[in-house]
1. Decide, for segment 17-62, between rounded, prolate and oblate: order the square roots of the alpha carbon gyration tensor eigenvalues as a ≥ b ≥ c, take rounded if a/c falls under 1.5, and otherwise choose prolate if a/b is larger than b/c, else oblate.
2. Suppose the chain between Arg59 and Arg37 were pulled fully straight at 0.36 nm per residue; how much longer would it get relative to their current alpha carbon spacing?
3. Which entries of Lys23/Lys65; Lys29/Lys49; Lys6/Lys29; Lys29/Lys65 show an alpha-carbon separation above 18 angstrom in the structure shown?
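Taken together, the values in this text are just the output of simple stated rules run on the coordinates, not laboratory data. Being a predicted model, the structure only gives us computed values, none of them experimental.
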Amino acid sequence: MARHSKIQKQVLSLYKQFLRVTKDQPSFKEYIRSEFRKNAAMPRTDTIKIEYLLRRGWRQLEMLKTSSVSGAGVFENESAQTSPDNSVVDKDKK
């Protein structure tokens, strides 16, 4: 079995903690799984984006741990499209 890098261990730790926190909340658990799967294909060389997503994940985990959280939502800009260099391009302004 291949050894995991430090950042891979951090991602796995974050995922496990999310699963523990959301064990009684199936809708959160499904959202978390889909987010991790969506980003699993990210190239290992894209360390800046991986580190950004890790920091964002830790912040979201802390929010979920607070007892005042009862739901979550995701806002996405439908008129925005990602260009090949991962920058957001507004379709209306092309």
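1. Oblate shape, in that a/c is at least 1.5 and b/c is the bigger or equal ratio.
2. Once the chain is fully extended between Arg59 and Arg37, it gains 6.0 nm.
3. Check vs 18 Å cut-off fails for Lys29/Lys49; Lys6/Lys29.
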